[in-house]
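K.L.:
I'd like to ask you about the structure that follows.
The values are calculated or read from the model by the stated rules, or taken from the named source; none is laboratory data. Every value quoted in this text rests on a predicted model; they were computed, and no experiment measured them. When we count neighbours, we look across all protein chains shown, and the Cβ atoms used for this are built from the backbone with ideal geometry, even at glycine.
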Amino acid sequence: KQSSESKCVQTSCPYCGVGCGVDITVEQGKAVKLSGTPEHPANFGRLCVKGTNLLATNHHQGRLLHPVVNGEQTSWEKAIETVAARFSQIIKEHGPDAVAFYGSGQLLTEDYYVANKLMKGYIGSANIDTNSRLCMSSAVSGYKRAFGEDLVPCSYQDLENTDLILLTGSNAAWTHPVLFQRMEKAKAVNPKLQIFAIDPRRTASAELADFHLPIKPGTDAALFNGLLNFLADNRGLDQAYIDQYTNNFSACLDQAGQWTLTKTADYCNISKSSLKRLYQAFLTNKRVINFFSQGINQSSSGADKCNAIINCHLASGKIGKPGCGPFSITGQPNAMGGREVGGLSNLLAAHMDIDNPEHRALVQNFWQSPTIASAPGYKATDLFDKMNQGKVKAVWIMATNPAVSLPDRAKVEQALANCDFVVVSDCVASNDTLAFAEVKLPASSWSEKNGTVTNSERRISRQRGLLTPPGEALDDWQIISRVAKAMGFDQGFNYSGPAEIFDEHARLTACNNNGDRALDLSGLTGLTTDEYDRLKPVQWPVNTKYPLGCARILADGSFFTDNRKANFIAISPATPKLACSAGYPFSLTSGRLRDQWHTMTRTGKANILAEHTKAPEVTLNPADAQSLGVAEGEMVKVSNETGAVFLQAKLSDDVGVKQLFVPIHWNREFASSATANQLFAAIVDPVSGQPEFKQAPVQVEKT
Ligand code: SF4
């Protein structure tokens, strides 16, 4: 849609994993109007408050405009030469595992693809991890263990064609608002649709749900073991499905069998009648979606929690059918796209496995690369530990702010200070992480760069460049390719643009794919630049079987394991690693607010978004406030052995007695003493590497 004065460009929102389509009117090089894309299948025109106010955050104030080396503005040539020379020197002296990349679910798939190719195929290390490790890696592990591949079986339309939605560890009303709006509308159309919220906190979602189960923090795996046992005891198993399509059911049920209603209710600290109401609802409704998010994933046993959920769907056959299935919702706009191209240290590109020699050979042969990483690299928290220990001597951080987002801020800052060579490419000129960078590289931002993202329902959408990047900012794929070439890797990085990178990615997914990998984009290979520019949102796989994309995977009961059957995983529920004690009697959880995003480097620019919550707060129960002598709005110190923060007290019985909630967003620019990651130790799930951000024992004192 275009006239000489104005044009309308369709792109997608850069915030959460819903992946809403956005229409932007551009006049004389400026974005002047924004609305939801009516025909985008994620949002059908809806936007939440963050998306609606995107243009208020889109000014150039605070942007990094030029390359900077050792505090001095310099040319791109000098900056690229510096990065390439230092990385090459460190690799020569200490080997490829002495360097690392740390990326972001904000990167576009094409950026991710090139970064992963450089690290795994040319440098020869798998040390590329991202902030997606903090977001989705437990769900990835759960899916891979159960289905043989990292795949989300459901679609958003399933939310409108179901009888029961379990919101498990998800405050979707704030974190994925447009999906919550779709649920509310579905409920208005079909009043029989029930929504149950399973969450220790009474969140906005729990408030609006039909039923809230405030379970004790960290007890989700027991809850779903108990459900499996209940299904077995109450003729809720689909034995034909179990026999035909799954492995290992009896061992799994043996483990779950001990979780009687009484034992589970005691363990989860809820009444038996509440628990039974949940279990009966799952048993009696034919169509059930378990919509889960960070309350499940951000745990030292997140992968097990995910599999405990999947076990119940497999056992009841409530999977692969309309309105049924386990449905993990990603936090970021492109957490899934990054995984598709191997953007985690334990993955290869195109959903291939780094531990599989045939896959390694296939990828290396496809890339015609000099090498291929032969073993998994360091996962996020591990990577920063290795920087602290001097084993990783150079790191390139792209489009993320780990000094605020990783657990144990003091340790992360120490790692950045100890690392010999820190490069940060970002669109902003200063943040908590950039303070440690020897080289700062100006990157283009949302609305300037071109590429694709994949949302929580496997839907690939275009992000389109509609504005000229300010100063000398370049796209991430361009910066990475220039560094690769300066390191002597000329062959693999002569891309003409994102369309060519996307085509290479799509061809790799199709390479020797005989239906043994669900991620198959063979139907999107060979797109011309024009066709790529006009690409409509589409759900993978896109191939001869599904030329228009696929709304629901696993419908045929065929999985991606060796024998094509799904695996039940026997789960022994574990409590959070650090328990409350006399010294640290409060249980702290963290999460998002409605109107802020990540570490506020973008949403912090819009005054209107600060209106909802003006200052960092800790929510505590009024009974606890009374014992502490704390009144609403007074400052309190929240502390433990990892660190201390100072926050305003917000009194609410939305949190239980001896429970606290803090938002994750505030960075040093907005509130230096309130960054929540100062309170979370770097405790991770041993399977997924995802940190435990939903439980930390703390003390609270009036200041
Ligand atoms: Fe953006 Fe998510 Fe809001 Fe949609 S729901 S407008 S993707 S933040």
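Matching residues to (1) more than 21 Å from the chain's Cα centre (by Cα); (2) more than 16 Å from the ligand (Cβ to nearest atom):
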| position | (1), (2) |
| --- | --- |
| Ser137 | no, yes |
| Cys154 | no, yes |
| Leu159 | no, no |
| Lys185 | yes, no |
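K.L.:
Going by the structure shown, is Thr57 modelled with pLDDT of 95 or more and within 16 Å of the ligand (Cβ to nearest atom)? Write out each step before concluding.
P.N.:
Working: modelled with pLDDT of 95 or more: no; within 16 Å of the ligand (Cβ to nearest atom): yes.
Criteria not met by Thr57.
K.L.:
On the given criteria, is Lys391 crowded, with 23+ Cβ neighbours inside 10 Å and either in a loop (DSSP other than H, G, I, E, B) or of a type in the set (Phe, Trp, Tyr) (or both)?
P.N.:
no
K.L.:
Would you pick out the residues in the range 394-436 that are more than 26 Å from Ala31 (Cα to Cα), assigned to a loop (DSSP other than H, G, I, E, B) and touching a residue at least 60 places away in the same chain (Cβ under 8 Å)?
P.N.:
Pass one, the range 394-436, residues more than 26 Å from Ala31 (Cα to Cα): 394-397, 401-424, 432-436.
Applying the additional criterion that residues be assigned to a loop (DSSP other than H, G, I, E, B) yields 401, 406-408, 419-420, 432-433.
Matches in the range 394-436: Asn401, Leu406, Pro407, Asp408, Asp420, Asp432.
K.L.:
While we're on this one: Could you tell me which residue of the range 492-512 is surrounded by the most Cβ atoms within 10 Å (Cβ to Cβ), considering only residues that are part of a loop (DSSP other than H, G, I, E, B) and free of Cβ contacts under 8 Å to residues at least 40 places away in the same chain?
P.N.:
Taking the candidates together, the pick is Asn494.
K.L.:
Name every residue in the range 1-54 that is within 8 Å of the ligand (Cβ to nearest atom), farther than 21 Å from Gly604 by Cα and not in a loop (DSSP other than H, G, I, E, B), in order of residue number.
P.N.:
Of everything in the range 1-54, just one residue is within 8 Å of the ligand (Cβ to nearest atom), farther than 21 Å from Gly604 by Cα and not in a loop (DSSP other than H, G, I, E, B), namely Gly36.
K.L.:
Hey, another quick one. Could you give every pair whose Cβ atoms fall below 7 Å, whose first residue belongs to the range 15-31 and is closer than 17 Å to Phe327 by Cβ, and whose second residue is in a strand (DSSP E or B) and within 16 Å of the ligand (Cβ to nearest atom), counting only separations of at least 6 or pairs across chains?
P.N.:
Gly19/Ser12; Gly19/Val453; Gly19/Arg459; Gly19/Ser461
K.L.:
Would it be correct to say that Ala649 is assigned to a loop (DSSP other than H, G, I, E, B), free of Cβ contacts under 8 Å to residues at least 40 places away in the same chain and more than 21 Å from Asp199 (Cα to Cα)?
P.N.:
Taking the combined requirement at face value, the residue does not satisfy it.
K.L.:
Then there is this: Can you find a residue in the range 562-569 that is of a type in the set (A, V, I, L, M) and in contact with a Lys or Arg (Cβ under 6 Å, 6 or more places away or on another chain)?
P.N.:
Yes; the residues of the range 562-569 include at least one that is of a type in the set (A, V, I, L, M) and in contact with a Lys or Arg (Cβ under 6 Å, 6 or more places away or on another chain).
K.L.:
Moving on. Do any helices (runs of 4 or more DSSP H) entirely within the range 213-303 hold 2 or more residues that are hydroxyl-bearing (Ser, Thr, Tyr) and crowded, with 23+ Cβ neighbours inside 10 Å, and if so, which?
P.N.:
It comes to none.
K.L.:
Also, I was wondering about something else. Which members of the range 569-623 meet the condition of being buried (at least 20 other Cβ atoms within 10 Å of the Cβ), within 14 Å of Gln659 (Cα to Cα) and small (Gly, Ala, Ser)?
P.N.:
If the condition is that a residue be buried (at least 20 other Cβ atoms within 10 Å of the Cβ), within 14 Å of Gln659 (Cα to Cα) and small (Gly, Ala, Ser), then Ser587, Ser590, Gly591 are the ones that fit.
K.L.:
Next question. If a residue must be of a type in the set (Gly, Ala, Ser), under 30 Å from the mean Cα position of the chain (by Cα) and within 27 Å of Arg409 (Cα to Cα), how many such residues does the range 626-655 contain?
P.N.:
So in the range 626-655, the residues of a type in the set (Gly, Ala, Ser) come out as 627, 629, 631, 633, 639, 643-644, 649, 652.
Retained after the next criterion (residues that are under 30 Å from the mean Cα position of the chain (by Cα)): 639, 643-644, 649, 652.
With within 27 Å of Arg409 (Cα to Cα) added as a condition, the list becomes 639, 643-644, 649.
So the count comes out to 4.
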